[in-house]
Amino acid sequence: MDRFQAMQVFTRVVDANSFTRAADSLGLPRTTVTTTIQNLEQLLQVRLLNRTTRRLSLTPDGAAYYERCLRILADLEDTETSLRDAARGPRGRLRIDAPASIGKLILIPAMCDFHVRYPDVELVIGMGDRPVDLVQEAVDCALRAGPLPDSNLVARRIGSFDSVTCASPSYLERHGTPQTIEDLENHLAVLYFSSRTGRTIDWDFVVDGAARAVPMRGSISVNDSEAYVMCGLQGFGMIQPPRYMVLEDLQAGRLVEVLSQWRPTPMPISAVYLQNRHLSPKVRAFVDWVADLFSECPLLGGCPGDMPEECQLTGTHAAGCTVRSLIEQQNMAESLF
């Protein structure tokens, strides 16, 4: 007896709740389906189905065997699908989610390169600072910044970014420039609160090799990274954003770095996706691609805090690192599409 076929017949009988309907859907004679179930019960030495003239029902042993069969058949189907997809190359719809700043400044300008490499992958990109539920919202892969909570997701660290403590010249004119971390007690900050918990996120600095949390006072709170930077530019208070977001503002003097001798703790960036014994080729392709993208940029690939000043200000260590060059890539993408 072909056990694989027997499992297929058994699960189809249970799903259809009928030997006749199961036989029709499988394209087999009804007698073949009946004999297969009888032989399977004889092999396992248990009754799988209770049969009456009107209905079928699973026995306890049958219910347990049915669940096992579903997992085995699903694993086999997944394995065959992954091998077929690997032979054809990544294809199909890929839904990803990323923080708004990373999506707009990093991913979108470089997407023409991904499209050229994988023309059969249709990208659906969600952007926002709210963490999404990958299962409920049918997201294949998400980029997340910061420490990750324990979950059933697989995480691959693809880089990290440095933050910078800064303020607008108008704010510093009104309130003065802090010289020590203790001076921050007399200053205002633009506050950022978590979309998930609603809690205001404290500032932090690395002092003598250890992270030190610093609560700040402020007159405005936001939960959007772009609004956060905009409030800082308008002088509402000091801010502590990722350096890549304010690189051009620092260069142009619209923002001024302060307390540069005490840098905030670097923030890890991870690609997360659902656990799967056989990772989808399209997800694997995207994760590998975005990891390479981040590794090429000192501002996003884990560049150390004591990187050369030239790298801090211009990001010349890798093509596509500065915001300006990212905009140029975006123009190139527009011409491609």
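A few comments on the model shown:
- Cα long-axis angle, helix 60-88 against the chain (0 to 90 degrees, to the nearest 10): 60
- In the chain, the calculated helix contribution to ellipticity at 222 nm averages -12500 deg cm²/dmol per residue, counting -39,500 (n - 2.57) for every DSSP H run with n ≥ 4.
- Region 2-52 versus region 58-123: alpha-carbon centroid distance in Å: 31
- Computed from Cα atoms, the angle from the helix 243-252 axis to the main principal axis of the chain rounds to 30 degrees.
- Normalising the average separation of contacting C-alpha pairs (under 8 angstrom, six or more residues apart) by the number of residues puts the relative contact order of region 52-186 at 23 percent.
- Listed residues Pro29, His115, Gln234: farthest to the positive end of the dipole of the chain (Cβ charges): Pro29
- Global form of region 166-257, assessed from the alpha-carbon gyration tensor, a/c cut-off 1.5: rounded
- Taking a point 7 Å out from the Cα of Asp75 in the direction of its Cβ, none of the residues of region 34-58 has a backbone N less than 15 Å from it.
- With a Förster radius of 22 Å applied to the C-beta separation of Glu248 and Ala227, the computed FRET efficiency comes to 0.80.
- Estimated FRET transfer efficiency (Gln5, Ser57; beta-carbon r; R0 22 Å; 0.05): 0.45
- Taking the C-alpha atoms only, the angle from helix 323-336 to the longest principal axis of the chain is near 40 degrees.
- Each Cα pair under 8 Å and six or more residues apart adds its sequence gap; the mean of these over the residue count of region 3-88 is a relative contact order of 25 percent.
- Other residues within the sphere of radius under 14 Å centred on the Cβ of Pro242, judged by their own Cβ, net out at -4 (K and R +1, D and E -1).
Values in this text are rule-based calculations from the coordinates and carry no lab data. All of these numbers come straight from a predicted model, not from anything done at the bench. For neighbour counting, all protein chains shown are included, and Cβ atoms are generated from backbone atoms with ideal geometry for every residue, glycine included.
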